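Report on the following structure.
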Amino acid sequence: MDLQRLKARAAEIAEKEGKELLSRTTASEKLFQRALKTLPNGVVSNFQAGDPYPIYLEHGKGSTVTDVDGTVYRDFHGGFGVNVVGHAHPKIVEAIKKAADDAIHFAVTTEVTVALAEEICERFQCDQMRFVNSGTEATMDAIRVARAATGRDRIIKMEGSYHGHHDSVLFSVVPEADVLDLRHSVDQTGKPWYTTQPTSKGVPNALWDTTIITPFNDAAAVEAAFVDNPGEIAAVILEPVMMNIGIVVPHDGYLQALKDICEKHGAVLIFDEVKCGGTIAYGGAAERYGVVPHLAAWAKAIGGGATTGAFGGDESIMEFVTKGAAQQGTFNGNPLSSAVGLAALTQILTRDAYDHLGKLGTMLAEGCDRAIAESGIPAHTVDLGAKGCVSYRTEPLTNYRDFLETVPDLYWASYPWMVNRGIFMTPGDEEQWTISVQHTEEDIQTYLEAFGEFCQELAK
Ligand SMILES: Cc1ncc(COP(=O)(O)O)c(C=O)c1O
């Protein structure tokens, strides 16, 4: 298929559907104008910004969300991977009501928080854990504890990966092709020199040297970095399945190889399971891929929609929170979040729930694959339980550099097309769909009809 012609067609669709989307979302535009006065970009997180404005929601029920214009959508955005329980699930509503009656906050540990800690340790195969309030805090604290346990400063992270917005990990998040650089060269003393670009202004220069970047699915590059920096690397942090460039699955043996390399060099392997923890299997990536890391970070789906995060792992490392590594927080494990998280994990996201999510996910991915094959557009799907995506490149991705070869124009045509047909999508091709336990085959069918028509329209 001629790529230039396809891009031109995508641009036509994006323009026509984009105009229609704007004409249907006038209340969102009005709220945007109001929000702009008090909120930069009119939103509360840079990831929520829209072009020219985002769609503002006001209501969620089951598998649907309703925007401020009153349009009802089937929700495949899933609150960036949080809403695996769906919206207003009766068990969640009950847990919130009970917490409101009992107590929302003490800043004192409660029994329900201990019960949630037990559930998380059992489910994700770790000895001990601590609560935090977000994925950012979870990876930040995991890295601090790894540094404390090893007495080392440097960390390795993967090229093009996101672990939240604390300084140490804001390197090589979405590097442009011309600033990609890993092991750069050797310095005057002959020592290999690693470089990368911070992804945010305001990250202290002093940290540049502490974060080493290697490509995903390349254990040899990690080994080489350890050899180049003997006794200096505290931890390797990665998403066991990369989920901020569509989805990139780990090659066979890659995760175990990283664990072996970390153990050989006295470092800590940290899985960032913020996205995959409550979505791709009952026990997250550790269960799905059979590799239990030394430390892991969780957030999003494990809270059932409440604000929560956690990190944990081997007792021999976690004990450093009692030996000088700062780990605290006024709202950590508050009774409200704990009650909601406990209801989500023990009453809703049971093993049976993952069978349901897996069935729907496969139905969705297979249906998208059929539409892609029939239309001949360059794309493929990834199917991982509650998570999955269409990536606009024929071959699966191995790492971030492959993501740069996808065709974002096709995604940006699909976005308004799908939203105009009642499918609420994440605004960006780096994201993926999230299915909830309240989704039905009918929801999937509606998605597939809209996507099938999109592929045909694109290929015309
Ligand atoms: C893999 C990963 N880690 C960490 C984070 C940060 O989580 P939060 O937004 O809760 O701070 C995210 C957020 O999208 C994420 O996708």
- Is it fair to say residue 51 is over 28 Å from residue 243 (Cα atoms) and modelled with pLDDT under 95? no
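To keep it simple, each residue is scored yes or no on (1) touching a helix residue (DSSP H, G or I) at 6+ places or on another chain (Cβ under 9 Å); (2) open to solvent by 20 Å² or more (accessible area, probe 1.4 Å); (3) in a helix (DSSP H, G or I); (4) not small (Gly, Ala, Ser).
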| site | (1), (2), (3), (4) |
| --- | --- |
| 310 | yes, no, no, no |
| 321 | yes, yes, yes, yes |
| 329 | yes, yes, no, no |
| 341 | yes, no, yes, no |
| 354 | no, yes, yes, yes |
| 364 | yes, no, yes, yes |
| 377 | yes, no, no, yes |
| 381 | yes, yes, no, yes |
- Message: Please determine whether any residue of region 66-77 is part of a helix (DSSP H, G or I) and open to solvent by 20 Å² or more (accessible area, probe 1.4 Å).
- Response: no
- Looking at region 275-285, is at least one residue assigned to a helix (DSSP H, G or I), in contact with a Pro (Cβ under 9 Å, 6 or more places away or on another chain), open to solvent by less than 20 Å² (accessible area, probe 1.4 Å) and within 15 Å of the ligand (Cβ to nearest atom)? yes
- Task: Answer with yes or no whether residue 221 is away from the ligand (no atom under 16 Å from the Cβ), over 26 Å from residue 299 (Cβ atoms), modelled with pLDDT of 85 or more and of a type outside the set (Val, Ile, Thr).
- Result: yes
- Applying the selection to region 216-260, what residues are open to solvent by 10 Å² or more (accessible area, probe 1.4 Å) and in a loop (DSSP other than H, G, I, E, B)? 217, 218, 230, 231, 232, 244, 249, 250, 251, 252, 253
- Message: Could you check region 286-308 and list, in sequence order, the residues that are in a loop (DSSP other than H, G, I, E, B) and among the acidic types (Asp, Glu)?
- Response: none
- Pull up region 405-456, narrow it to residues that are among the hydroxyl-bearing types (Ser, Thr, Tyr) and over 21 Å from the mean Cα position of the chain (by Cα), then point me to the one that is most open to solvent (accessible area, probe 1.4 Å). 440
- Item | Selection count, region 130-155, where residues are within 16 Å of the ligand (Cβ to nearest atom), assigned to a strand (DSSP E or B) and open to solvent by less than 40 Å² (accessible area, probe 1.4 Å) | 3
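The values are calculated or read from the model by the stated rules, or taken from the named source; none is laboratory data. None of these values were measured; they are calculated from a predicted model. Positions of Cβ are backbone-derived with ideal geometry, glycine not excepted, and every protein chain shown enters the neighbour counts. Surface accessibility is based on the protein's heavy atoms, side chains included, excluding ligands, DNA and RNA. Shrake-Rupley method; radii C 1.70, N 1.55, O 1.52, S 1.80 Å.
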